[in-house]
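The values are calculated or read from the model by the stated rules, or taken from the named source; none is laboratory data. Since the structure is predicted, the reported quantities are computational estimates derived from the model, not experimental observations. Cβ atoms come from the backbone with ideal geometry, glycine included; neighbour counts cover every protein chain shown.
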Amino acid sequence: MSSSQRELPDGRVELVDAQRIERSPLYNPDLAPVPVARRNWTTYNYAALWISMAHCIPTYMLASGLMAQGMSWSQALVTILLGNAIVLVPILLNSHPGTRYGIPFPVFARAAYGTAGSNLPALMRALVACGWFGIQAWIGGEALQTFFAALLPAWPRLLGPGFGGHTTTEWLSFLLFWGLNIWIIYRGMDLLRKVENWAAPYVLVVTLALLVWAVQAAHGLGPLLSQPTKFKTVAEFMPVFWPSLTAMIGYWATLSLNMPDFTRFGRSQREQVVGQAVALPTTMFAFAAMGVLITSASAILYGEPIWDPVKLVAKFQNPLVVGIAMFSVVVATLAVNIAANVVSPANDFANALPRWISFRTGGLITGLIGIAMQPWRLLADPKGYIFAWLVGYSGGLGSIAGVLITDYWIVRRRQLDLADLYLGDGRYGGWNAPAVIATAAGCALAWGGLVFPPLRPLYDYAWFVGFFSASAVYLVLPRRAASAAPVPKPAP
């Protein structure tokens, strides 16, 4: 370690003198290392974070897209579980530097990509998050629309027919939910932690209640559980399984990069690892399974399977029940949207212009781009949502993960110079060409099949192709001596 930082017995590192970096244009308080005294997230906080992020409508509906491609319910759930078990590995590997050094994702990326080059992975990650923010904001708006309609039956047509295939009140509900997200971001990370802590158990209890109701009302679990797979052989199944598995990895490929944004507040490596490892795969599997069971029962009750819980609850006659259910959807969607889709891009945009863009301003930019990406179109086609949106961006994010993990764990062996991460003339330089070249190579191989037919089979494995090819290229390329030099030990 350099003399400007010290390592505690538990392996966490903090700056000794921050004055050296506070005048740097690469520094602002939102990107600064979190002092050890303020790292207070526990095992429960991380478990609650993942439970609340997984308890959202896209997770609830995840199995539907796989079953629409011919999978049985059991094949769909196993694919979801396997995908989340795989993506947990890069999540935990990239979580380590957050807890060790107290730094957010874009600052961590400066070690591999350079202080200026870090904007490449940060902005790639940010744009994906903006798309997800828009998707979740639209879903939350639908929940508000149903909630208002339960209170005021004339609400849907109250303000006229609207435009773009949606009524004026639908657009208004969307903007109200959008504004609620921005308001919480402006209140800061501590409020987010409190929201996640109580949202996680609340949403779980409400969903279990909906499951019990559906099974009792339908007097059974319904026809979906007896729906056979359409695949007669393994050879028929695999061409659907691999892109589906890649899509499941792509679902959380975003968080596999930016978990340092949360683990920078961790009390210890053990607590963040246990909280994440226990909560992520189990919650994703359980919540997707609830979606299958409730939807299967809805086929008996209403003559057709209703995968969207907002549309299912809208069929209830009791305004109080509808109100409670829609409040739950709003809470669930709000919790996942802010944690998964605002925290990272807010930091990413701040990293681009630290002196001009704060965490709050970055959150506002995220929200505006989320609207511009027209989420109502992304959600219109389940096949396009899974096999175009999720698979497509996973190749790019997999390439970035390959570079970050290889650089931190193999090249630098977990040793970073905290102060130099905030200095343009420090050891990490402005741009690290090998990282950029490796990322470009990974993206080219993962996405090349879209324009070059002989490479088309690689696209179905986009995340894997991007991750391993970028990692291999980064390892073989020569690096600048100053950047790769060992971090000096502190002066006695």
Could you grab me the full set of residues in region 296-322 that are touching an Asp or Glu at 6+ places or on another chain (Cβ under 9 Å) and hydroxyl-bearing (Ser, Thr, Tyr)?
298
Residues within region 397-427 that are surrounded by 24 or more Cβ atoms within 10 Å (Cβ to Cβ) and under 19 Å from residue 125 (Cβ atoms), tallied
10
So residue 4 fits all but one of (1) touching a helix residue (DSSP H, G or I) at 6+ places or on another chain (Cβ under 7 Å); (2) modelled with pLDDT of 90 or more; what number is the exception?
(2)
So is residue 279 assigned to a loop (DSSP other than H, G, I, E, B) and touching a residue at least 40 places away in the same chain (Cβ under 8 Å) or not?
no
Where residues in region 15-45 are of a type outside the set (A, V, I, L, M) and closer than 18 Å to residue 109 by Cα, which of them is surrounded by the fewest Cβ atoms within 10 Å (Cβ to Cβ)?
29
Pairs with Cβ under 6 Å, 6+ apart, first in region 184-200 and at pLDDT 70 or above and crowded, with 17+ Cβ neighbours inside 10 Å, second β-branched (Val, Ile, Thr) and assigned to a helix (DSSP H, G or I):
184/338; 199/331; 200/51
When every residue in region 157-174 that is without any contact (Cβ under 8 Å) to a residue 40 or more places away in the chain, outside any loop (DSSP other than H, G, I, E, B) and buried (at least 17 other Cβ atoms within 10 Å of the Cβ) is compared, the one farthest from the chain's Cα centre (by Cα) is 169
Checking the conditions here, which among 170, 142 is of a type in the set (Asp, Glu) and under 23 Å from residue 51 (Cβ atoms)?
142
Does residue 118 satisfy being under 30 Å from residue 353 (Cβ atoms) and not aromatic (Phe, Trp, Tyr)?
yes
Flag if residue 262 is farther than 30 Å from residue 146 by Cβ and touching a residue at least 60 places away in the same chain (Cβ under 8 Å)
yes
If you go through 116, 150, 143, the only one that is out of contact with any Pro (no Cβ under 8 Å at 6 or more places or on another chain) and more than 30 Å from residue 28 (Cα to Cα) is 143
Candidates 112, 126, 54 - the one that is surrounded by 23 or more Cβ atoms within 10 Å (Cβ to Cβ), closer than 20 Å to residue 426 by Cα and hydrophobic (A, V, I, L, M, F, W, C)
112
Which of the helices (runs of 4 or more DSSP H) contained wholly in region 1-118 include at least 3 residues that are under 30 Å from residue 201 (Cα atoms)?
43-54, 57-60, 62-68, 73-101
Condition check: touching a residue at least 24 places away in the same chain (Cβ under 8 Å) and among the acidic types (Asp, Glu). Does residue 14 satisfy that?
yes
Scan region 450-468 and report the pairs whose first residue is within 12 Å of residue 399 (Cα to Cα) and whose second residue is outside any helix (DSSP H, G or I), with Cβ atoms within less than 7 Å and a gap of 6+ or a chain change.
463/253
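I'm trying to understand the selection: among the residues of region 413-429, which are in contact (Cβ under 8 Å) with a residue 12 or more places away in the chain and over 20 Å from residue 31 (Cβ atoms)?
Selection gives 414, 415.
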Out of contact with any helix residue (DSSP H, G or I) (no Cβ under 8 Å at 6 or more places or on another chain) and crowded, with 20+ Cβ neighbours inside 10 Å, is that true of residue 345?
no
Taking region 221-275 only, how many residues are hydrophobic (A, V, I, L, M, F, W, C), more than 21 Å from residue 87 (Cβ to Cβ) and in a helix (DSSP H, G or I)?
5
Return only the number of the condition from (1) under 30 Å from residue 153 (Cβ atoms); (2) surrounded by fewer than 24 Cβ atoms within 10 Å (Cβ to Cβ) that residue 297 does not satisfy.
(2)
Using the structure shown, decide if residue 6 is in contact with a Phe, Trp or Tyr (Cβ under 9 Å, 6 or more places away or on another chain), of a type in the set (D, E, K, R) and over 19 Å from residue 109 (Cα atoms).
no
Could you grab me the full set of residues in region 127-166 that are touching a Phe, Trp or Tyr at 6+ places or on another chain (Cβ under 6 Å) and either among the charged types (D, E, K, R) or within 30 Å of residue 403 (Cβ to Cβ) (or both)?
128
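Identify, from the list 80, 57, 21, the residue that is among the β-branched types (Val, Ile, Thr) and under 17 Å from residue 279 (Cα atoms).
On inspection, the qualifying residue turns out to be 80.
Would you kindly identify the helices (runs of 4 or more DSSP H) lying entirely within region 301-414 that contain at least 3 residues that are of a type outside the set (S, T, N, Q) and modelled with pLDDT of 85 or more?
Fully inside region 301-414 and qualifying: 343-352, 359-372, 391-405.
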